[in-house]
Every structure is written in structure tokens, then in C-alpha cells.
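J.: Dumping the structure here so I can ask a few things about it.
The values are calculated or read from the model by the stated rules, or taken from the named source; none is laboratory data. As the structure is a computational prediction, the values presented were derived from the model and not from experiment. Quick reminder, even Gly has a Cβ in these numbers, built from the backbone with ideal geometry, and neighbours come from all protein chains shown.
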Amino acid sequence: MDKNITVMVVEDILSARETVLNLLRALGFTHFLEAENGEEALEKIKDGVPGLIISDWNMPKMNGLNLLRAVRSRPETPYIPFIFLTSKSEVEDVALASDGGASAYLVKPVTIKALSEALNTVFEGGFEQDFELLKAEIQNLCAAKEQAKALDLLRRFELLYPSQMHRIRLAHVRVLMEFSDFPKAEEILCEILAANPLFARGWETMAKIQCWQGNNDQALAAVDKAVSISPNNTEYYILRGSINLHKEDLHAARNNFMTALNIDRKNDQIKQDIWNAYVDLDMVDEVQRDFGSYIFSSLTCDTLNNMAVAYRRKGELARAIEIYRAALAKEPDNPKILFNAAVAYVNRKQYGKAKSLLAHALGNDPDFEKAKALLKQISAHEHKNDEAEKSGDEK
């Protein structure tokens, strides 16, 4: 363990912050950064990345969980060891911290023994960074259809980090799911959950396995377990709502999606995920009815495009064009959306507007072959009509 690293301590109560700093000094650490809340911590991280973050759970402005999520999402800080301080050892806090990527947690009042043990765990061989790099390699192997190589890498990695067996085996399960080997994936996952029944991510994965096999009741039972372990994790409510949609229980779906929104109102990704859950099942009218006014303005161009395509395929061209316009208001030079909007106008026989959009698309992407082909089709169609009109005039 390198005791020359800079440790950032994030705690809004000065006396509690000083207690942690004094314990760190007693353990030989000498370089520190201090912050009173998550917002201040993120500002200080911009000036220099610490080697360890120790953060309180409940703080004003930005709490510890949102700080953890922000740290894990930034390209320069995804592997920083992160230890949580909490005044209670409730299982939902611990589970939520684990889901978010926390390295360890400490229950207040912190003792030097507990802090020392947590530090030894966190700095044990750099597991987190190694695991993230391994998962990237596994993803590449799966894309190349190299299942055997991916599974072999995971087996060898487990030998290096036996204390992280359950997390590594969950990655093994996900590889099997990628290749649709659901029976084997379920078998291994049952072993993991038998040994660690409070592994919320394991229950989430079990729910996905059951859902993909069409076993919606079993999927709901599994995601209920995940929610009971980590009741503040929005991902589990979104998954449960999605399963409700598959069961055509729209009332239950809406309740679960609203719970996710109420837990984290400022998270636009939740809104995207809810919208996509409906659109993936061609429930565009239902999502408009239940969430349109609340979510629509937060949607990305890709989500709007997918929704407009769904309306276009249903033959509701006016609604599709309205949504394409909303998408183009956000990204006016997006070739894909310009092209799809042009297709909708062609379907309405509004060729002039279609040609204008296609010209715009080709101005931004001259090699857009589909746009070239459609423009050529429109020109041929217009030429044919012109010839027909001339023939009629001659008669």
C-alpha cells in the first residue's frame, strides 16, 4: 500500500472529518484533500486526482452515492478506490454502495482497526482496475464469437482473486447469456445466490435470464429480491417495470417507473430507459399517455428517432414527422434523423420537403449511400410524372 498517495476525505461535519484524517495520519498517510460535500469534491478532483476517496453517505448539495456515480462515470477517475462512511449498517445502504462500485464501507464511529482492514481490502492487488480491463477484453472476445477464450480468461482471473469469486462468476454468467446458453447461466447463478443470497446484482441477472426465456412470473420474483436488498436502486425498478410491460400490466409498470423517477428526479438516463422500455414493445401511445409531458423534453435524439420510426411503421406519419422535427431541433445536422424524416415525407408524397432534408443530410455526410439512393428514386419518380403530364398535354 502506497502511503504517499493523496487521500480525499468528503464529510460535511468538521469533527467527523477530522477524526478520519487523524486516523489516516496515525496509519502513516500525510497528503490530504478535504471537501464538505460531493459538489466540492468534484471541483477539487478537476485540479488533481486523489489516490483514494473516503466519503460520507448523507451530505448536502450532493450526497456520497451521487459522488460515487460521478467519479465512476468520468474517464479520468473510474478506478479510484472509494470507501463509504455510513452511520448505519442497513443492508440497503451497503447493497446500493456495492451496486454503484464502492470499494468498501465503514460504519461510524470509525476505528483505526476497521479503517486499516478496509484499506488493506481496497489496495489488495488493484482488483477493480484489473476487472474493468478484463471486462473490456471479454466484451471484445464476445463480439468476435470467442466464447471459449472469454470463459477461460475469467477462470484464470478467478484464481488470482478468489475473494472476488461471486463478481467474477457473475461475469461468467453474462458471457453465457450473450451466447444464449440460459440453462448453464442459470445453473451457475443459482450456485452464486445460494452462497450469497444478498447479492442484489445476482438477482437482477436472474430476472433478466427468466425474462429473456419468457418466464415473466419468475423474473418478477427475482427482481423483487433485488429490490428488497437494495430498495433505492433505480435500475431494479426500471427492470421490474419493463417486466410488467411484457405482462401487459401497465398500471404496475407505471408505478415502478414513477418510483425510479422519484428516487432520482434529476437523472435523465432514467427517463431515457423508461421511454425505451415502452418503445421497444411498440407501446408508443402508452408512453406518450403516461409520461409524455414529464419526459419528452429530456429525450435524446436517438430516443426520439426510435420513437418516430415506430410511429412511421404504424402509418402515423404526421405524428412521426412531428417527433422528427423535435429531434432536429436538438440536432439539426444529424444525417440519420434527416434521412428518416425524409422517408416519412416520401410516404406522404411530399417530395419537395424530402429532397430538402436529403440534400441537408448529404451536405453533412456526402458518402451517405442510402440518402443518395432515395434522392435518386425521388428524382426518377418526379421525372416519370413529368413525362406522364407531357403525354397528357399532347393528347
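J.: In this structure, is VAL7 modelled with pLDDT under 90 and either among the hydrophobic types (A, V, I, L, M, F, W, C) or within 18 Å of ILE112 (Cα to Cα) (or both)?
T.: Details: modelled with pLDDT under 90: no; either among the hydrophobic types (A, V, I, L, M, F, W, C) or within 18 Å of ILE112 (Cα to Cα) (or both): yes.
When the stated conditions are applied, VAL7 does not pass them.
J.: Here is a follow-up. Identify, from the list ASP273, ASP285, ASP290, the residue that is assigned by TED's automatic domain parsing to the domain that holds SER230, in contact with a Leu (Cβ under 8 Å, 6 or more places away or on another chain) and either among the acidic types (Asp, Glu) or farther than 29 Å from LEU96 by Cα (or both). Give the steps one after another, and end with the answer.
T.: Values: ASP273 fails: in contact with a Leu (Cβ under 8 Å, 6 or more places away or on another chain); ASP285 fails: in contact with a Leu (Cβ under 8 Å, 6 or more places away or on another chain).
Of ASP273, ASP285, ASP290, the one residue that is assigned by TED's automatic domain parsing to the domain that holds SER230, in contact with a Leu (Cβ under 8 Å, 6 or more places away or on another chain) and either among the acidic types (Asp, Glu) or farther than 29 Å from LEU96 by Cα (or both) is ASP290.
J.: Run down LEU85, LEU21 and say which single residue is over 30 Å from ASN267 (Cβ atoms), touching a residue at least 12 places away in the same chain (Cβ under 8 Å), outside the structural domain of PRO231 (by TED's automatic domain parsing) and in contact with an Asp or Glu (Cβ under 9 Å, 6 or more places away or on another chain).
T.: Working: LEU85 fails: over 30 Å from ASN267 (Cβ atoms).
Only one candidate passes the filter, namely LEU21.
J.: Filter the range 343-368 down to the residues that are acidic (Asp, Glu) and either free of Cβ contacts under 8 Å to residues at least 24 places away in the same chain or not in a loop (DSSP other than H, G, I, E, B) (or both) and list them by number. Before you say what the answer is, go through the steps one by one.
T.: Pass one, the range 343-368, residues acidic (Asp, Glu): 365, 367.
Scanning the range 343-368 gives a single hit, ASP367.
J.: Let me ask you something else. So the check is Cβ under 9 Å with 6+ separation or different chains; which pairs have a first residue in the range 41-58 that's assigned by TED's automatic domain parsing to the domain that holds LEU106 and a second one that's assigned to a helix (DSSP H, G or I) and acidic (Asp, Glu)?
T.: Final answer for the pair search is TRP57/ASP93.
J.: Any residue that is within 30 Å of ALA70 (Cβ to Cβ) and of a type in the set (Phe, Trp, Tyr) - is there at least one of those in the range 124-147?
T.: Yes: the range 124-147 contains one or more residues that are within 30 Å of ALA70 (Cβ to Cβ) and of a type in the set (Phe, Trp, Tyr).
J.: When ALA104 is evaluated against the numbered criteria (1) surrounded by fewer than 19 Cβ atoms within 10 Å (Cβ to Cβ); (2) free of Cβ contacts under 8 Å to residues at least 60 places away in the same chain; (3) in contact with a strand residue (DSSP E or B) (Cβ under 7 Å, 6 or more places away or on another chain), which criterion, by number, is the only one it fails?
T.: (1)
J.: Related question: Within the range 210-230, can one find any residue that is farther than 21 Å from SER73 by Cα and touching a residue at least 40 places away in the same chain (Cβ under 8 Å)? Before the answer, list the steps.
T.: Filtering the range 210-230 down to residues farther than 21 Å from SER73 by Cα leaves 210-229.
Of the ones still in play, those that are also touching a residue at least 40 places away in the same chain (Cβ under 8 Å) are 229.
Taking every residue of the range 210-230 in turn, at least one turns out to be farther than 21 Å from SER73 by Cα and touching a residue at least 40 places away in the same chain (Cβ under 8 Å).
J.: Which condition does ILE263 not pass, out of (1) over 24 Å from LEU65 (Cβ atoms); (2) modelled with pLDDT under 95, if it passes all the others?
T.: ILE263 satisfies all of (1) over 24 Å from LEU65 (Cβ atoms); (2) modelled with pLDDT under 95 except (1).
J.: Let me ask another. Quick check on LYS384: is it assigned to a helix (DSSP H, G or I) and surrounded by 15 or more Cβ atoms within 10 Å (Cβ to Cβ)? Talk me through it step by step, then tell me what you get.
T.: Details: assigned to a helix (DSSP H, G or I): yes; surrounded by 15 or more Cβ atoms within 10 Å (Cβ to Cβ): no.
No: the conditions fail for LYS384.
J.: May I ask you to list the residues in the range 124-160 that are farther than 23 Å from MET206 by Cβ and aromatic (Phe, Trp, Tyr)? Walk me through it before giving the result.
T.: Within the range 124-160, the first condition is being farther than 23 Å from MET206 by Cβ, and the residues that meet it are 124-130, 132-133, 136-137, 140-141, 143-146, 148-149, 152-153, 156, 159-160.
The one that is farther than 23 Å from MET206 by Cβ and aromatic (Phe, Trp, Tyr): PHE127.
J.: Exactly one of (1) in contact with a helix residue (DSSP H, G or I) (Cβ under 9 Å, 6 or more places away or on another chain); (2) hydrophobic (A, V, I, L, M, F, W, C); (3) within 25 Å of VAL107 (Cα to Cα) is unmet by ALA150. Its number?
T.: Only one criterion in (1) in contact with a helix residue (DSSP H, G or I) (Cβ under 9 Å, 6 or more places away or on another chain); (2) hydrophobic (A, V, I, L, M, F, W, C); (3) within 25 Å of VAL107 (Cα to Cα) is unmet by ALA150, namely (3).
J.: So how many residues does the range 101-137 have that are modelled with pLDDT under 80 and assigned to a helix (DSSP H, G or I)?
T.: 5
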